[in-house]
1. Run K376 past the list (1) exposed (fewer than 15 other Cβ atoms within 10 Å of the Cβ); (2) more than 30 Å from I270 (Cβ to Cβ); (3) not hydrophobic (A, V, I, L, M, F, W, C) and report the number of the one that doesn't hold.
2. Could we say that H210 is touching a Phe, Trp or Tyr at 6+ places or on another chain (Cβ under 6 Å) and over 30 Å from K299 (Cβ atoms) here?
3. What tally of residues in region 66-86 results from selecting those that are buried (at least 18 other Cβ atoms within 10 Å of the Cβ) and either free of Cβ contacts under 8 Å to residues at least 40 places away in the same chain or assigned to a helix (DSSP H, G or I) (or both)?
4. Only residues that are in contact with a Phe, Trp or Tyr (Cβ under 8 Å, 6 or more places away or on another chain) and either over 15 Å from H200 (Cα atoms) or not aliphatic (A, V, I, L, M) (or both): list them for region 142-167, please.
5. Considering only region 17-65, state which residues are of a type in the set (S, T, Y), in a strand (DSSP E or B) and over 21 Å from S282 (Cβ atoms).
6. I'm told S255 meets every condition in (1) among the polar types (S, T, N, Q); (2) over 21 Å from E316 (Cβ atoms); (3) crowded, with 20+ Cβ neighbours inside 10 Å except one. Can you identify the failing condition by its number?
7. Could you name every one of the helices (runs of 4 or more DSSP H) located completely within region 286-388 that has at least 1 residues being among the polar types (S, T, N, Q) and modelled with pLDDT under 95?
8. Does region 282-296 contain any residue that is among the small types (G, A, S) and surrounded by 20 or more Cβ atoms within 10 Å (Cβ to Cβ)?
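The values are calculated or read from the model by the stated rules, or taken from the named source; none is laboratory data. The shown structure was predicted, so the numbers you read here are calculated from the model rather than taken from an experiment. Reconstructed Cβ throughout: ideal geometry from the backbone, glycine too, with neighbour counts over all protein chains shown.
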Amino acid sequence: MKRFFYIFFILALSCNEKNKEYETTDFSKGDAVFNIHIKDPNQAYLRLKSYGVYKELFLDDDGKLTDTLKNISESYFMFSDKRNGAGFYVKPGSRINVDLDTKDFIGTINYTGDLAKENNYLRDYFLLNRKLSRVNSIQYLAYLPEKDFVKTIDSIKNLRWKLLNEYDKKHSLDKHFKYLEKNRILYEWANRMETYEDYHRFAIEDTSFHVSPGYYKYRDKLDLSNENLIIVPSYHYYLENLYQKKANQLAKNDSVDVFVAYLDEVGKNIKNPKIKERLLYSYALQNLPETKDINRFYKTFKKYATDSLHIAKIRENYTELNRLKPGQPAPEFELIDDKGKIVKLSDFKGNYVYMDVWATWCRPCMAEMPYLEKLKEKYKDAKIIFVGVNVNDYKTDWLNYLKANHPKGVQLYAGNDSEFMELYQVQSVPKSILINPYGNISTANAPRPSETELIELLFDRIKNNFK
């Protein structure tokens with residue numbers, strides 16, 4: 001009898017270990033193909049983003065493009081135009097085919113080819129999230145009492161669970177993909193849970209508010225060292241947000257650059273090498289242009305990073321950004337204004353140039369515009385020329401905005417001019433750049449118009465000291 005139970009135990013253990021094989025993420029690399037056809041595209045290009053990858057791909061006249069995703073591992077990608085976006089799952093060696101109509105960007109998506117079942121599930125997942133967008137918005141959730149908040153996001157989590165299980169029952173999803181998606185749903189929920197205390201304080205205008213004792217007990221059940229989940233966007237975001245909070249506190253107390261503080265927190269405290277490397281690299285790609293201490297940021301990244309390709313890429317970006325450090329000549333450009341006239345940077349020599357890089361589809365850009373117009377009025381007698389440079393936009397959208405809003409200053413159009421974007425290291429908008437009267441960079445990362453105290457301190461100094 002004992003022998004029977006021993007054999008049964010061994011069999012059960014081996015079966016359990018075999019069943020757990022689906023949890024393992026394959027980090028080996030290779031190429032994949034992304035092929036898309038868009039009916040009635042909103043713009044001439046698409047953005048394609050993933051870990052360590054950012055591309056702007058141009059559609060042909062029929063709304064089609066094919067791109068090879070080189071040297072990737074198992075990943076989630078996002079593709080988007082200026083109004084909408086969706087995601088897909090890809091492995092090395094696969095070919096991802098997608099058709100859609102921009103009249104209903106997400107609703108008309110259809111994946112064929114490799115991983116079609118998994119990616120059509122993701123389409124339905126995005127559709128569900130669109131239906132839940134109002135009740136899942138922080139603007140709505142922040143005002144709810146704690147019990148109602150938890151009840152609401154629990155119900156959202158359960159709806160997502162239901163979609164996953166029903167889709168799997170009908171289409172037999174890949175087991176590893178389903179494992180990843182189960183955790184995507186869990187960490188989407190956990191990310192929402194983390195926001196409540198701060199946002200509710202803001203909503204009720206009471207900084208003394210605290211959640212109830214035991215609210216954060218869910219943290220005890222989260223696995224923050226599971227390398228198999230690091231490719232899941234919500235898991236990556238949870239970890240990044242966790243260490244960003246720690247960096248924010250450190251920067252506040254020690255007056256160090258918050259971006260450098262993040263690299264230090266990740267480098268010192270994360271033991272798993274895959275998780276550490278991915279968090280360091282993705283953060284460095286995004287934030288190297290944003291830090292106020294580029295030299296220390298680069299040295300700190302090199303101190304903790306181990307992947308030679310990652311180090312080489314960040315070194316390349318660092319070298320390129322050093323072209324725009326204070327005192328370096330600002331790159332010359334030739335762009336057209338709203339009258340069709342060619343305008344050069346050198347035309348403004350003898351004046352400070354405050355350059356605002358923006359797009360009509362960019363909500364943060366639009367939020368800056370009222371502040372920018374107030375700045376123009378306040379400093380109209382200073383030797384500061386305000387230059388707006390519109391990028392990655394349809395020319396008609398740009399002209400329509402100018403006609404409707406009549407912004408002051410010089411208005412230039414770069415459109416899809418990749419040369420301008422590369423010269424000024426524009427990786428995202430809005431971006432503000434200050435150039436001195438001698439045509440040299442004053443700062444390639446100037447305060448935004450909404451940073452009123454900082455920008456006015458800077459402009460007052462210019463107005464009073466530069467005649």
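1. Against the list (1) exposed (fewer than 15 other Cβ atoms within 10 Å of the Cβ); (2) more than 30 Å from I270 (Cβ to Cβ); (3) not hydrophobic (A, V, I, L, M, F, W, C), K376 comes up short only on (1).
2. Numbers: touching a Phe, Trp or Tyr at 6+ places or on another chain (Cβ under 6 Å): no; over 30 Å from K299 (Cβ atoms): yes.
So H210 fails the test.
3. Residues in region 66-86 being buried (at least 18 other Cβ atoms within 10 Å of the Cβ) and either free of Cβ contacts under 8 Å to residues at least 40 places away in the same chain or assigned to a helix (DSSP H, G or I) (or both): 1 in total.
4. Those that are in contact with a Phe, Trp or Tyr (Cβ under 8 Å, 6 or more places away or on another chain) and either over 15 Å from H200 (Cα atoms) or not aliphatic (A, V, I, L, M) (or both): E146, F149, D154, I156, K157, R160, L163, L164, Y167.
5. As a first pass, look at region 17-65 and keep what is of a type in the set (S, T, Y): 22, 24-25, 28, 45, 50-51, 54.
Those still in the list that are in a strand (DSSP E or B) too: 45, 50, 54.
Selection gives Y45 alone.
6. So the condition that S255 fails would be (3).
7. 294-304, 308-322
8. Filtering region 282-296 for residues among the small types (G, A, S) gives 282, 284.
Retained after the next criterion (residues that are surrounded by 20 or more Cβ atoms within 10 Å (Cβ to Cβ)): 284.
The answer is yes; a qualifying residue exists.
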